[in-house]
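What follows is a set of notes on a single structure, which appears directly below.
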Amino acid sequence: MSQEDVEIVRGSFDVWNRGDMDAYGEQLMDTDVVVRPPARWPEPGPFVGRDAVVRFFKQVRDAWDADLIEPISDFVDAGDRVVVRFAWSARGRGPAAVMEISAVLMMRDGKMLSVGFFWDHAEGLEAVGLRE
C-alpha cells in the first residue's frame, strides 16, 4: 500500500502544477483532510476538511500570477505516510519567490488524510520517526 501512496503523492505534483485546485481536492484529498502550514506561516491553520483546504491552497496560489512545485528529495515511504521535500517557486505581483518546504502526508485509501509542512526537512523526517 505505501508504495502506491508514494506514487499518488508523486502524481500530485503534476495535478498541482496544472492549476486545477478543485480537481486537486477531489482526486487527492480525503473529505476529512487536515492541513497544517509550516511554523510562522501567515495563516496558521490547521485547515480542516476538503473545502477549507482547497480554499486555503487557492488563496495561497492567488497571491501569484504563476507557481510551480518540484520535488527536490526522494519520496520517503514511511508506512501510512510519505515525506518529500520540494521547491515552490512563484512569480508575479512583486518579487519572485522560491521556498523549500518538506511535507509529511498521511494517506488513507489512496487520498491525503493529513498534510503537515516543515521548513526543516529533518523535522519532517522526525515527525515519522526517521532521521536524515
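What follows is calculated from the coordinates using simple rules that are stated; it is not laboratory data. A quick note: this is a predicted structure, and the numbers were derived from the prediction, not measured. No Cβ is skipped: glycine too gets one built from the backbone with ideal geometry, and neighbour counts run over all protein chains shown.
For the range 1-63, what does the alpha-carbon gyration tensor say about shape, rounded, prolate or oblate, given a ≥ b ≥ c as the root eigenvalues, a/c under 1.5 as rounded, and a/b over b/c as prolate? Prolate. Considering helices alone, the calculated mean residue ellipticity of the chain at 222 nm is -10500 deg cm²/dmol, with DSSP H runs of length four and up weighted by -39500 (n - 2.57) and normalised per residue.
Just want the ordering: 102, 89, from fewest to most Cβ atoms lying within 10 Å of their own Cβ.
Ranked by crowding around the Cβ, least crowded first: 89, 102.
Computed over all pairs of different Cα atoms, the Kirkwood value for the hydrodynamic radius of the range 2-126 is 14.5 Å. Label separation (residue 4 vs residue 39): 3.6 nm, computed from points 7 Å beyond Cα along the C-beta direction. Put simply, the Cα atoms of the range 74-132 extend 40, 27, 16 Å along their principal axes, the longest span coming first.
Take the Cα of residue 18, step 7 Å toward its Cβ, do the same at residue 55, and the gap between the two points is 2.5 nm.
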